[in-house]
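Each remark here refers to the structure printed beneath this line.
The values are calculated or read from the model by the stated rules, or taken from the named source; none is laboratory data. Since the model is a prediction, treat every value here as computed from it, not as a measurement. Don't worry about glycine lacking a Cβ; one is built from the backbone with ideal geometry, like all the others, and counts go over all protein chains shown.
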Amino acid sequence: QVQLVESGGGLVQAGGSLRLSCAASGLSRYAMGWFRQAPGKEREFVAAISWSGSSTYYADSVKGRFTISRDNAKNTVYLQMNSLKPEDTAVYYCAVKMGGTYYSRSNYDYWGQGTQVTVSS
C-alpha cells in the first residue's frame, strides 16, 4: 500500500525559509512532485524530481527560490523553500508521477494529505 506523508509546513514571515519533507512507503524508483493549492484556486505544479534525482523541474513562479531533492535511502523527497512570499501560501502536496510530462497534475497519483504553508507579509 502506497502512503505519502508530508511534514514541515508552518507559519513564516516573508523572506523566510521552510523545508518540506515527503516520506513515501510502499513504492520505490518513481519520480515525485510537489503541488500546492491556495484557497479558491486550482492545485498547481511546483516542482518535480526524477527517481534518480538527476533531473529536476520547477514552475516559473518558484524557480531560483525553491529546491527539490530526494534521499532514496530514506524514501523521502524534500522541498527547500527560500525567499518565501505571501503568494506562496497554500497547502502543499507531494505525489507520485506515474507517466507523461512532469508538469501535468493528471500524470500524478497517490497524493499525500498535504501540509499548510502560510507566509505573512
*Scan of region 52-71 for residues that are in contact with a Gly (Cβ under 7 Å, 6 or more places away or on another chain) and either at pLDDT below 95 or among the acidic types (Asp, Glu) (or both), ordered by number*: none
*asked:* Anything in region 1-51 that is part of a strand (DSSP E or B), within 14 Å of the chain's Cα centre (by Cα) and not aliphatic (A, V, I, L, M)? List them, or say none.
replied: GLU6, SER7, ARG19, SER21, CYS22, GLY33, TRP34, PHE35, ARG36, GLN37, GLU44, PHE45
*Somewhere in region 32-49, is a residue free of Cβ contacts under 8 Å to residues at least 40 places away in the same chain and more than 20 Å from VAL91 (Cα to Cα)?*
no
*Would you be able to say whether some residue in region 76-84 is at pLDDT 95 or above and either over 24 Å from VAL12 (Cβ atoms) or charged (D, E, K, R) (or both)?*
no
_Going by what's in this entry, would GLN13 be described as out of contact with any Leu (no Cβ under 9 Å at 6 or more places or on another chain) and surrounded by fewer than 17 Cβ atoms within 10 Å (Cβ to Cβ)?_
no
